[in-house]
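Worksheet: one structure, shown below.
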Amino acid sequence: MAVDENFLNNVRKQRDAMLKATDFYIQTSDFPMADGERQAWIDYRQALRDITTLTEEEYGTENLFWPNPPKRYVLNDGGSINLPSDYTDQY
């Protein structure tokens, strides 16, 4: 069964905001990071890009399809991302 196009447009919009907010983790070579953190951000951003390939069943009903970031961050508009209540920063 196909995923609703309006839903996918909203997912893309949110995903794009999340990618934009995490650009500096990858694009700034002198940003201090712990060992493995840069790769964790690369993997997280790839998971965000892959979001639109999920099936309707994988999206589910509670927005649990979003990958967890290596650590908390704020969107460029000041908003925050939804994380599970038991989420802990990796770095």
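Some observations on this one:
- Screening F24, F31 for residues that are more than 18 Å from the chain's Cα centre (by Cα) and aromatic (F, W, Y) leaves exactly one candidate, F31.
- When residues of the stretch 37-71 are limited to those that are at pLDDT below 85 and outside any helix (DSSP H, G or I), the one nearest to D23 (Cα to Cα): F65
- Pair list, Cβ under 7 Å, 6 or more apart: the stretch 11-34 residue at pLDDT 85 or above, other residue of a type in the set (D, E, K, R) and surrounded by 14 or more Cβ atoms within 10 Å (Cβ to Cβ): L19/R45; T22/R45; I26/R45
- Under the condition of being in contact (Cβ under 8 Å) with a residue 60 or more places away in the chain and aliphatic (A, V, I, L, M), the residues counted in the stretch 52-91 number 1.
- Identity of the residue in the stretch 1-21, polar (S, T, N, Q) and within 18 Å of the chain's Cα centre (by Cα), that ends up nearest to I81 (Cα to Cα): Q14
- Residue in the stretch 72-82 that is modelled with pLDDT under 90, on the phi > 0 side of the Ramachandran plot, surrounded by fewer than 12 Cβ atoms within 10 Å (Cβ to Cβ) and not in a helix (DSSP H, G or I) present: yes
- For the stretch 39-50, the set of residues classified as within 11 Å of P70 (Cα to Cα), in contact (Cβ under 8 Å) with a residue 12 or more places away in the chain and surrounded by fewer than 16 Cβ atoms within 10 Å (Cβ to Cβ) consists of I42 only.
- Residue check, A2 surrounded by 11 or more Cβ atoms within 10 Å (Cβ to Cβ), assigned to a loop (DSSP other than H, G, I, E, B), at pLDDT below 90 and among the aliphatic types (A, V, I, L, M): no
- Top-ranked residue of the stretch 9-36 - restricted to ones that are in a loop (DSSP other than H, G, I, E, B) and among the hydroxyl-bearing types (S, T, Y), ranked as surrounded by the most Cβ atoms within 10 Å (Cβ to Cβ): T22
The values are calculated or read from the model by the stated rules, or taken from the named source; none is laboratory data. Since we're looking at a predicted model, the values are computed, not measured. Heads up, the Cβs are rebuilt from the backbone with ideal geometry, glycines too, and the neighbour counts pull from every protein chain shown.
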